Amino acid sequence: VFNFLMKIENISFFDAAKRLAQKLNIPLPEREKSPREILRNQEMSGLFQVNEMASDFFHSCLLNTNYGKVAKEYLTSRGISQDMIEKFHLGFAPPSWDKLLSSFRQRGVSDELLLKAGLVVSRASEDGFYDRFRDRIMFPIADARGRVVGFGGRVMDDNQQPKYLNSPETILFNKRHILYGLDLAFKVIKETRQVIVVEGYMDVISAHQQGIVNTVASLGTAFTPEQARQVLKCQAEIVFAYDSDAAGQNATLRALATVRDLGAAVRVVSIPDGKDPDEFLNKHGASPFAELINRAPNLVDYQLNRLLEDEDYSSFQGKVAVVEKIVPILADVTNAVEANMYITRLSQTLGVDEAALRSEVRKYAAQLKKKMITGVNKGNRSVLGLPGQMLSKTAEAERQLIRLMCDDPATVPYVQTQVSADEFKDALRQEIVTTIYHYFSAGQTVVPSMVADRLNESANNEFSHIMLMELEYPDVVRLLDDCVKAIHLGHLKTLFEQHRLMADELQRLGDSRYLQELAESKRINDEINRMRLV
């Protein structure tokens, strides 16, 4: 029941438990909250409420006042129907400097709360405030549960700048974590296992109006890992349909770099005639757009096609320059058959020797592996240079061990004596473990919400994932020991590779210290073999 509710409503286990308890009128035991937590919860509740009020205010200004007449005509000219205005609760911010401010003051809303919500701005030259959004079409921005967390405002005259104005960051609103329209698209994304990512509000609304409901937008920001993980929960293929102008194509490349290491299935739509999705849909309709999606190339094909289109490889120097850019793309292809296919095709297209191209790819992959093992590329990978199977086991063991310590804080002292935080390969999980150890060393009980409060955004996302894992452990002691062993083995394998590679490098340079490195690598290898026998 809990899992069903979590998946269907896109909520956490804790929220699912609360919702079921409320529905069945069952009181939930709660730990005593700190004064800081109580104040934060009260502030969040107040911000959610004032955002909903603001959304209704803007919507009413659009539909029920003379202020909104020009705005409605603008939306009609953009092909936006009344149904879409209602579905997305579109609104209009009056041109007055303090219309929202004065209206909300009359309703008892404090200036301080409006400021925290980002709805008003402090005056620079004198005391007081004024409305942040004025004379703009308003787009309420909701989280995955449909709660309004912020706003986007668009001018009706494209010569005005800035064209779009978003809410500032608040404790509710962080653009890195929000996908516009996800609350409306979530169920369809789960059903179709596909999400179409566009750049802007109008692109999303036009797609929904044409029946392409599995469409969301990245709020004009670079597509972030936090946004990617939101849709990857649905095991969905990600189809990017950014604008086809130069800025849109560059945004696409940045987005691809973001999702590449997350293991997502990615395809890229190329919209003809330099159009954005909104323009294309309004001109051609849903069927041609669906055809573009069906024909969209995968990640590697898109990167290679774009590179070949942008570069001149007719000369010898041009071929060399193109090969240098192509090799890193090919080295990222993990399927050997697929990689061979690309190499054969590209050698024919470029007119270069296939064996030479293959050699360059192997050389680049070997250099990359060496950098990963020695830690040069540590910031880009979660685990350093371990074989795929061992990487997976180590990552799983790290997550399970963290979850065990949070589920049963009594295990923390045992784990702390067995595994140091430095042995965790993933930097995010290393931060989580360090925080858990910190609370234990300070004599405090390990509480997940307290751990989360101390983590940065990326580590907090990983911690949330760990706390939502479906984990069964009938034999806790056995699982603890298995996790500790897997982490130790992963750590030792990393050390072994570091010393082995160092020995090879020193021997190549004629440095006698290679013998010490060989001896250390042998000692570590012996320890690995002993652990495997236990």
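The values are calculated or read from the model by the stated rules, or taken from the named source; none is laboratory data. Everything quoted here is computed from the prediction, not taken from an experiment. Ideal geometry is used to build each Cβ from the backbone, glycine not excepted, and the neighbour counts take in all protein chains shown. Remember, those area values only see protein heavy atoms, side chains included, never the ligands or the DNA or RNA. Shrake-Rupley method; radii C 1.70, N 1.55, O 1.52, S 1.80 Å.
Going through the cross-link list 116/175; 425/485; 393/425; 187/233; 393/485; 23/87, which pairs have a Cα-Cα distance over 18 Å in this structure? Exceeds cut-off: 23/87.
With contacts taken as Cα pairs under 8 Å at a separation of at least 6 residues, the chain carries a relative contact order of 7 percent. Local charge for residue 415 was computed over the other residues whose Cβ lies under 15 Å away, with Lys and Arg +1 and Asp and Glu -1, and equals -2. What is the distance in Å between the Cα centroid of the range 412-429 and that of the range 83-102? Their Cα centres are 51 Å away from one another.
When the solvent-accessible area of the chain is split by element, carbon and sulfur atoms take up 51 percent of it, the probe being 1.4 Å.
The mean accessible area for residues of the chain, using a 1.4 Å probe and ignoring ligands and nucleic acids, is 51 Å² per residue.
For the chain, the square roots a ≥ b ≥ c of the C-alpha gyration tensor eigenvalues yield an a/c of 1.5 or more together with a/b not exceeding b/c, which makes the shape oblate.
In this Cβ point-charge picture (+1 for Lys and Arg, -1 for Asp and Glu), the chain has a dipole of about 540 debye about its Cα centre.
Compared with the direct C-alpha span, the chain from residue 456 to residue 106 gains 122.1 nm at full extension, assuming 0.36 nm per residue. Taking the DSSP bridge list for the chain and keeping only pairs wholly inside it, about 65 percent are antiparallel. Ordered by 1.4 Å accessible area with all protein chains kept, 89, 59, 284 run largest first as 284, 89, 59. Near residue 137: Cβ cut-off under 14 Å, other residues only, Lys/Arg at +1 and Asp/Glu at -1. The net charge is +2. Local charge for residue 50 was computed over the other residues whose Cβ lies under 15 Å away, with Lys and Arg +1 and Asp and Glu -1, and equals -1. If I fit a long axis through the Cα atoms of helix 388-407 and take the longest principal axis of the Cα atoms of the chain, what angle between them do I get, 0 to 90°, rounded to 10? Roughly 60 degrees between the two axes. Of 155, 416, 202, which is farthest towards the positive pole of the chain's charge dipole, taken about the Cα centre with +1 and -1 on the beta-carbons of Lys, Arg and Asp, Glu respectively? Of the candidates, 416 comes out farthest on the positive side. The helix-based estimate of mean residue ellipticity at 222 nm for the chain, built from -39,500 (n - 2.57) per DSSP H run of four or more residues and divided by its residue count, is -19000 deg cm²/dmol to the nearest 500. Compute the angle between helix 427-441 and the longest alpha-carbon principal axis of the chain, please, reported from 0 to 90 degrees and rounded to the nearest 10. Helix 427-441 and the main axis of the chain meet at about 90 degrees.
For helix 246-260, report the angle its Cα long axis makes with the longest principal axis of the Cα atoms of the chain; keep it between 0 and 90° and round to the nearest 10°. Relative to the chain, helix 246-260 is tipped by roughly 50 degrees.
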